[in-house]
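Visitor: This structure is in structure tokens; I'll ask about it shortly.
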Amino acid sequence: MREASCTLDQGFSVFTVIGISHSANTDQAEANVPEQLISRMVAQDIVHILEIVQVQEYHQLTEVFTAPIMRLKTVDQQDLGGIMYSDSHSHLDGYTDEQMATLLAEAKAREVEIVIGVGSDLDRSEATIEVARRFPGITVAVGIHPWWATPADLERGARLRQLLSQKEVAAIGEVGIDLEKNPSTGDVQWPVFEMQLGLARELNMPMLLHCKGAKKEMQDRLRKESSVRGVMHGFAGTAVDAESWMELGLYIGIGMRTLTRNFGPEVQQAIQSIPLDRMLLETDSSVRSYTGEENLQPTTVIEVAERVGRMHGVTGQEVGRLTTANLRAMLKR
Ligand SMILES: [Zn+2]
């Protein structure tokens, strides 16, 4: 599937085709194919369709697309070990053990993997590593969030490095620049980000990036790197914005807040333009959102998958499965 998308200009269209064809509920998928695809895609956008799974949908697809279909092939579903969905960004420090056990049991029952527990500063990163030690299956991101960056952090490189060397840790995050919420601390945020960017390069770790009010500056900076790995977390922007982050090599993180408080026609268009093989799902949940009014928790990722699925004309399960495979690929060294 990955191979197919790489050779195409319009990978998203092909992924949608494969996604629909992969649907467990074939009746529903077939019914959805022509209508959804015609309304959402322009057939000429597609250069070639390399792979279509499930022959019974082939005729419908040839009616819709004018592009040549190169090959008809059955693609096996990737084995994700019974996991359907993954939350690529949740803050796991601060829960009681009882709350954490409940959270994990609910997630497991609903086929959600809470993949990345994200740190916000060094103490909370360390606390998240402790959580991952008590509750296996959680991968940790260690980092200093731009909201909490202080001049003293510049002296804490050794501790950061030590935390990053723990076996539970596979990413650097949450890191970046926020000049919307904290415009006055930009002078501190940049060197703290720079320090963490250097570690990501040196340790070949993906970064979970936070960027508000500094898109151009951050992109200019990242372009100087020979390669960038990671995700633009909590994406809310236009299709052009999404494209510019993807060009840098980043995945785009879509969460519930992207689909609620930050949502609008432009964001919807952006989500539809992001190929499903470049997307991660997330909740950005924390003990505050879990117990508070917002009621975000890792299983909220299922709702995110369903909403994204409706925009892409595929099932929520398909979005979950693809984004879980993306997340695993991102974390691979
Ligand atoms: Zn976060």
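The values are calculated or read from the model by the stated rules, or taken from the named source; none is laboratory data. Being a predicted model, the structure only gives us computed values, none of them experimental. For neighbour counting, all protein chains shown are included, and Cβ atoms are generated from backbone atoms with ideal geometry for every residue, glycine included.
Visitor: Can you pull out every residue in region 276-323 that is in a loop (DSSP other than H, G, I, E, B), acidic (Asp, Glu) and out of contact with any Leu (no Cβ under 9 Å at 6 or more places or on another chain)?
Guide: Scanning region 276-323 gives 293, 294.
Visitor: Which is more than 15 Å from the ligand (Cβ to nearest atom), touching a strand residue (DSSP E or B) at 6+ places or on another chain (Cβ under 6 Å) and not in a strand (DSSP E or B), of 132, 105, 101?
Guide: Answer to the selection: 132.
Visitor: I'd like to know if region 215-222 contains one or more residues that are in a strand (DSSP E or B), assigned by TED's automatic domain parsing to the domain that holds residue 191 and more than 13 Å from the chain's Cα centre (by Cα).
Guide: no
Visitor: Another question, if that's okay. Which one of these does residue 206 not meet: (1) surrounded by 22 or more Cβ atoms within 10 Å (Cβ to Cβ); (2) farther than 26 Å from residue 328 by Cβ; (3) within 21 Å of the chain's Cα centre (by Cα)?
Guide: All conditions are met except number (2).
Visitor: Among the residues of region 148-162, is any surrounded by 21 or more Cβ atoms within 10 Å (Cβ to Cβ), in a loop (DSSP other than H, G, I, E, B) and within 15 Å of the ligand (Cβ to nearest atom)?
Guide: Within region 148-162, one or more residues are surrounded by 21 or more Cβ atoms within 10 Å (Cβ to Cβ), in a loop (DSSP other than H, G, I, E, B) and within 15 Å of the ligand (Cβ to nearest atom).
Visitor: Now for a different question. Among the residues of region 238-273, write down those that are assigned to a loop (DSSP other than H, G, I, E, B), closer than 22 Å to residue 313 by Cβ and more than 16 Å from the ligand (Cβ to nearest atom).
Guide: Across region 238-273, the qualifying residues are 238, 263, 264.
Visitor: Does residue 197 satisfy being away from the ligand (no atom under 16 Å from the Cβ), closer than 25 Å to residue 115 by Cα, assigned by TED's automatic domain parsing to the domain that holds residue 128 and hydrophobic (A, V, I, L, M, F, W, C)?
Guide: Details: away from the ligand (no atom under 16 Å from the Cβ): yes; closer than 25 Å to residue 115 by Cα: yes; assigned by TED's automatic domain parsing to the domain that holds residue 128: yes; hydrophobic (A, V, I, L, M, F, W, C): yes.
Yes, satisfied.
Visitor: Another question, if that's okay. Here is a list: 276, 296, 280. Which entry is surrounded by 16 or more Cβ atoms within 10 Å (Cβ to Cβ), among the hydrophobic types (A, V, I, L, M, F, W, C), within 16 Å of the ligand (Cβ to nearest atom) and over 20 Å from residue 219 (Cα atoms)?
Guide: 296
Visitor: For residue 230, are the conditions met, namely being surrounded by 24 or more Cβ atoms within 10 Å (Cβ to Cβ) and either of a type in the set (Ser, Thr, Tyr) or in contact with a strand residue (DSSP E or B) (Cβ under 9 Å, 6 or more places away or on another chain) (or both)?
Guide: yes
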